[in-house]
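Any read-out appearing in this document is the output of simple, stated calculations on the displayed coordinates, not a laboratory observation. The shown structure was predicted, so the numbers you read here are calculated from the model rather than taken from an experiment. Please note: Cβ atoms are built from the backbone with ideal geometry, for glycine as well, and neighbour counts cover all protein chains shown.
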Amino acid sequence: MAYQQLNLQTLVDFLKTLDEMKTIFSDFNHLEVKEVGDGNLNFVYMITNTQNTEETVVLKQAVPYVRLVGESWPLPRERMNFEIMALEKENELCPKHVPDVYYASKEMSLVVMQNLNKHRVLRGEIIQGKYFPLLADHVSTFLAKTLFYTSDWYLDYRSKKEMVGKFINIDLCNITEDLVFTDPYEKNETNSYNPKLTKEDINFIHEDRDLKVVVAQMKYKFMNNAEALLHGDLHIGSIMVNEEETYMIDPEFAFYGPMGFDIGAVIGNLFMSYFSHSYRQKLLGRKPYAYRKWLLDTTEKIWNEFARKFDVCWTEHQEASNNLYWDYTEGKEHFAHLREVTLKRIFSDAIGFGACKMMRRIFGLAKVADIADIQDLDERAKIERMVLQMAKEMVIQRENFSSIEELVDLAKEISPLI
Ligand code: ADP
Ligand code: MG
């Protein structure tokens, strides 16, 4: 079917034409369509049979521009091709944490998927101070499986390169290259600043040679390190949760890049939440200690569990694959050393990328509600300074942290956990 942009009126007629929907909806005469308002780039609709609300799907369609801005910012709708391919691959590798795809059409630039209507977007939940005891376990599983099983440590030489080829995502990578690694560090017109930040605050980033050099190195690494299939935009607005379950949504930025980029995205976002709750917990009428402790514990656990699970995937694969490379007396030990240095390098990448993700949320075009929605601009500026201070130290010192606990200690030094 040739591309057409669906709307509230045409959507049900389109769904009726799909065989795949006949196994989901027992009846097409009572479908209610609601548009979900909080997407930036695309249109998202929930379609539910009002006679049986268990019969429900989400339809997401890309338009040839950025939804939030309009036609003045064109962006190829083919970005949906990457989202479809990534959802399918991630769902195959980690079905518990990725929505099921019921139907997808590259021609129509749309996907029909599992409606996560019993879940909420994690960012909003964290802003409200909610706890998710299984979050770290689930996120670390997703990261370990999707990153290990799409890398050269697992795939054969041909499949890996074919995957790299399929996931050349030029336009969306370019958004990251500009908005995460370039614009925030210069006087760029896409930037926006809390008016309470001073010139010194801004120059703390814009005019620091060491910082500019390492950020440029991180950008180069992002562009030249086709290590594994990344989600590509794994901030806490791309995670949907309830107390039992966790799902990663919205992988339209998927491409083959450095593993640390996805891990850093999650960790960097949690540090920003930690800083924001030095103030937000008071707004909620609570003492800040307990919730901020949970955020730091979750951050620690995400890295530590990721590293453990990645290591398990790798050793299991090694044992199962009859690989002769380490087959000599000290081979086991040498293989263990390889895993250790590899994880150490992924860790320093994650710290560096997480830092860039943090800085761009303070100066760049796209903010995080955790911080930017704080009405008191002086309080907001205090938090923004904490984020900048932490991020600068992280990216410059990224190779000198020997554990996640040490990184968490830095966050506690900047904003004491009391
Ligand atoms: P965009 O690419 O435009 O940012 P998202 O994929 O982030 O779009 O989706 C926008 C919003 O739609 C999400 O924040 C969430 O509220 C909702 N949403 C997206 N996918 C689902 C889903 N499978 N189930 C329930 N809600 C969803
Ligand atoms: Mg998106």
**OP:** For the stretch 232-361, state the semi-axes of the equivalent ellipsoid (square roots of 5 times the eigenvalues of the alpha-carbon gyration tensor), sorted largest first and rounded to whole angstrom.
**Re:** 34, 16, 14
Original post:
Within the stretch 358-378, whose backbone N sits under 19 Å from a point 7 Å along Cα→Cβ of residue 212?
Top reply: 359-360, 363-364
**OP:** State to the nearest 20 debye the size of the charge dipole of the stretch 1-136 about its Cα centre, where the only charges are +1 on K and R beta carbons and -1 on D and E beta carbons.
**Re:** 420
Original post:
Tell me, how many Å apart are the Cα centres for the stretch 314-378 and for the stretch 124-160?
Top reply: 11
Original post:
Picking from 15, 108, 70, whose Cα lies most toward the positive end of the charge dipole for the stretch 1-140 (charges on Cβ: Lys, Arg +1; Asp, Glu -1)?
Top reply: 70
Subject >> Debye, to nearest 20: dipole size of the chain, +1 on Lys, Arg Cβ, -1 on Asp, Glu Cβ >> reply: 860
**OP:** Mind sorting 360, 345, 77 by how few other Cβ atoms lie within 10 Å of their own Cβ, fewest first?
**Re:** 345, 77, 360
Subject >> Listed residues 126, 248, 94: farthest to the positive end of the dipole of the chain (Cβ charges) >> reply: 126
Subject >> Three-way shape label, the stretch 120-414, alpha-carbon gyration tensor, a/c 1.5 >> reply: prolate
Original post:
Taking only the alpha-carbon positions of the stretch 11-114 and ignoring solvent, what does the Debye formula give for the base-10 log of I(q)/I(0) at q = 0.15, 0.18 Å⁻¹?
Top reply: -0.66, -0.92
Original post:
How many angstrom separate the Cα center of the stretch 5-84 from the Cα center of the stretch 388-418?
Top reply: 42
Subject >> Extension gain from residue 199 to residue 7, taking 0.36 nm per residue of separation minus the Cα-Cα distance >> reply: 64.5 nm
Original post:
Taking the Cα centre of the stretch 243-329 as the origin, how large is its charge dipole in debye, to the nearest 20, when only Lys and Arg (+1) and Asp and Glu (-1) carry charge on their Cβ atoms?
Top reply: 920
Original post:
Helix by helix, which DSSP H runs in the chain go 20 Å or more along their axis at the Cα atoms and have an average Kyte-Doolittle hydropathy of 0.5 or more?
Top reply: none
